[in-house]
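Notes to accompany the following structure.
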Amino acid sequence: MARIAGVNIPTNKRVVIALQYIHGIGPKSAGDIVSKSNIDITRRVNQLTDAEVLQIREVIDADYMVEGDLRRETSMNIKRLMDLGCYRGLRHRRGLPVRGQRTNTNARTRKGPAKAIAGKKK
């Protein structure tokens, strides 16, 4: 099992698909990484040599922010918005949708399960 950026990627999948198990790498960047490291797209992870895995690691370390660093930067950005007290920060603080979605009927994902209101019988 190959370990890249602190993640065990599955061995029986193609390299392009397996790289997407790393947080911060999607289909586009996985394809770019494979092309930069000169590996055939149809190769599977268990067919890679140690040198090729090392080459993939070096490309990711040089060009991409992944896993812990990416999560840390994202949380720091949200924390900065909350500390500023801007509108987006207030929405994050209250656990409401941030990007202008309606909250009257939807937004159950952000708001959590519906809470019963006392005295609302017919």
Selected residue (criterion: most open to solvent (accessible area, probe 1.4 Å)) from residues of the stretch 22-42 that are within 14 Å of VAL53 (Cβ to Cβ) and assigned to a loop (DSSP other than H, G, I, E, B): ASN38
field: GLY112 small (Gly, Ala, Ser) and in contact (Cβ under 8 Å) with a residue 40 or more places away in the chain
entry: no
query: Restricting the search to the stretch 43-52, which residues are in contact (Cβ under 8 Å) with a residue 12 or more places away in the chain and either part of a helix (DSSP H, G or I) or surrounded by fewer than 11 Cβ atoms within 10 Å (Cβ to Cβ) (or both)?
result: VAL45, ASN46, GLU52
message: Tell me the residue from THR109, THR74, THR105 that is more than 23 Å from the chain's Cα centre (by Cα) and either hydroxyl-bearing (Ser, Thr, Tyr) or in a helix (DSSP H, G or I) (or both), please.
response: THR105
Positions within the stretch 60-84 being aliphatic (A, V, I, L, M) and either under 17 Å from LEU19 (Cα atoms) or open to solvent by less than 70 Å² (accessible area, probe 1.4 Å) (or both), in sequence order: ILE60, ALA62, MET65, VAL66, LEU70, ILE78, LEU81, MET82
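The values are calculated or read from the model by the stated rules, or taken from the named source; none is laboratory data. Treat the numbers as computed from the prediction; the structure is a model and nothing was measured. Backbone-built Cβ (ideal geometry, glycine too); neighbour counts: all protein chains shown. Surface accessibility is based on the protein's heavy atoms, side chains included, excluding ligands, DNA and RNA. Shrake-Rupley method; radii C 1.70, N 1.55, O 1.52, S 1.80 Å.
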